[in-house]
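Taking it in order: structure first as structure tokens, then the write-up.
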Amino acid sequence: MIRSEIDNITLEIEAFPLNGVDEVEAFRLRFLSKKGIIPGLFERFREVAPEERKEIGSLLNKLKVRAEEIWKDAKDRAESNKSGNTDFDATAPGFPFEVGNRHPLTIVAEEIKSIFNRLGFTVAEGPEIEDDWHNFSALNFPEEHPARDMQDTFFIDGADKMALRTHTSSVQIRMMEQGRPPFRMIMPGRVYRNEAISARAHCFFHQVEALYIDKNVSFADLKQTLLHFARELFGAETKIRLRPSYFPFTEPSAEMDISCTVCAGEGCSICKHSGWVEILGCGMVHPNVLKNCNIDPEEYSGFALGMGIERIAILKFRVKDLRLFSQNDVRFLQQFKYAR
């Protein structure tokens, strides 16, 4: 009786429809699962007469192997058809892919560097943690200068007169110590000052400073460099003016203003109705600074200038709050995707 059942089941598994995942699963449940037909035949094998067990056992094993082969082949085909049967249209246009954009401070910094590169200035960098010599003393800061106080400087606990640099002028000292004139370089980088954070000030910001030292460098060279820089950055109609000022590391020193980019010098709230906006400090390198770097001030002279990148970015993009540059608000940053 089992022999005839094996023959009938063999015909059934060969003819079983296997056209989809559901039918493949139905095949497995009917023939190969624990309560399926083939395991049931193996349970009844003990009813077979001893003289027939060898033959019946061989037929049962062949039936099981064949059923598993059919099931596995059908399962593979069904899974392959399922993965290839999608609603994806390969001829349709691609989905828009959002790409990132440069930070507004990076845009401005790169533009400043590009202008000075065209004038022959190279880029120099230095450490953000500095000693007293490079950050203050070599730059002709007197011992009693207020910039040395805790109110302006982040000093490093446990370190002897080490602090977060307050300006990138320290890089000028390092470059002059390591080489010999002529020098024509810019020093971009992050600086730190112990100030209250507000819409107009922050405890860290970014600077770009420039240094040019050679024989017979004059204030006229500085003024012409500043005029060229301002017109390249803000437009050919930009005007500049220099006001006397004081810095320990330059003599004479000056603050440079540009004609307001918003009102073109007519007067508005941005320039406080003066028509002018301050953007940088500058001056001729102090002879004491040259001496501290073993450069003869009788033979060489030079000028230095420095500006805050945030201040330039505020003017170019008319941003009212300095804190926006460091808050990483995507809504704010996306506005500069196409800025140049």
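Quick note: the coordinates plus some simple rules give every number you see, no bench work behind them. Only a predicted model underlies this, so the values are computations on that prediction, with no experimental measurement involved. Here the Cβ is made from the backbone with ideal geometry for all residues, glycine too, and neighbour counts use every protein chain on show.
Could you work out the percent of alpha carbon pairs in the chain separated by over 27 Å, rounded to a whole number? When every Cα pair of the chain is considered, 62 percent fall beyond 27 Å.
Computed extension length for Asp149-Glu125: 6.1 nm, one decimal, from 0.36 nm per residue of separation with the Cα-Cα distance subtracted. Taken one residue at a time, the phi angles of segment 102-110 give Karplus couplings (6.51, -1.76, 1.60, θ = phi - 60°) of 6, 5, x, 5, 5, 4, 5, 4, 5 Hz. Gly and Pro are set to x.
The gain in end-to-end length when the Ala49 to Asp329 segment is fully stretched comes to 92.4 nm, 0.36 nm per residue minus the alpha carbon separation. Neighbours of Arg3 by Cβ distance under 14 Å: Lys/Arg scored +1, Asp/Glu scored -1, total -2. Which whole-angstrom value gives the distance between the alpha carbon centres of segment 283-306 and segment 87-107? So the two Cα centres are separated by 51 Å.
Relative to the first principal axis of the alpha-carbon coordinates of the chain, what is the inclination of helix 2-15, with its axis defined by its Cα atoms, in degrees from 0 to 90 and to the nearest 10? Result, in degrees: 40. In the chain, the longest principal axis of the Cα atoms and the axis of helix 53-84 are about 30 degrees apart.
Which semi-axes, in whole Å and largest first, does the equivalent ellipsoid of segment 55-214 have when worked out from the alpha carbon gyration tensor as the square roots of 5 times its eigenvalues?
After scaling each eigenvalue by five and taking roots: 70, 24, 18 Å.
Restriction of the GluC sites (Glu not before Pro) in segment 103-212 to DSSP coil positions whose beta-carbon has at most 10 other beta-carbons within 10 angstrom yields Glu143, Glu144. Dimensions of segment 178-326 based on its C-alpha atoms, expressed as ranges along the principal axes with the largest first, amount to 46, 35, 23 Å. I need to check one value: relative contact order of the chain, counting alpha carbon pairs closer than 8 Å and at least 6 residues apart, in percent. Across the chain, relative contact order equals 15 percent.
Available extension along the chain between Gln224 and Arg77 is 45.1 nm, counting 0.36 nm per residue and deducting the alpha carbon span. Each peptide in 245-253, 263-271 was scored by the mean count of other Cβ atoms within 10 Å over its residues; highest first, the order is 245-253, 263-271.
Under 5 Å from the amide H of Thr153 lie the amide H atoms of Asn194, each residue being 5 or more positions distant or on a separate chain, with H modelled from the backbone and absent for Pro and chain starts.
Can you give me the Cα centroid spacing of segment 1-25 and segment 135-198 in angstrom? Distance between centres, Cα-based: 87 Å.
Using the Cα coordinates of segment 2-84, the gyration tensor eigenvalues translate into equivalent-ellipsoid semi-axes of 28, 11, 10 Å, sorted from longest to shortest. Model label sites at Lys337 and Ile2, defined 7 Å from Cα along the beta-carbon direction, differ in position by 7.4 nm.
Taking 7 Å steps out from each Cα toward its Cβ at Lys316 and Ala26 produces label points 7.0 nm apart. In segment 96-152, one over the average inverse separation of all distinct C-alpha pairs is 15.2 Å, which is the Kirkwood hydrodynamic radius.
Taking the beta-carbon count within 10 Å as an exposure proxy, list Glu237, Glu298, Glu12 from fewest neighbours to most.
By the 10 Å Cβ count, ascending: Glu298, Glu237, Glu12.
Taking all Cα-Cα distances within segment 271-340, those exceeding 15 Å account for 68%.
What the Cβ-Cβ distance of Glu251 and Lys161 gives, at R0 = 22 Å and to the nearest 0.05, is a FRET efficiency of 0.30. With the highest mean first, a sort of the peptides 326-332, 18-24, 180-186 on other beta-carbon atoms found within 10 angstrom per residue produces 180-186, 18-24, 326-332.
Would you please put 302-312, 154-164 in order of how densely packed they are, using the mean number of other Cβ atoms within 10 angstrom per residue and starting with the highest?
Highest to lowest by the protection proxy: 302-312, 154-164.
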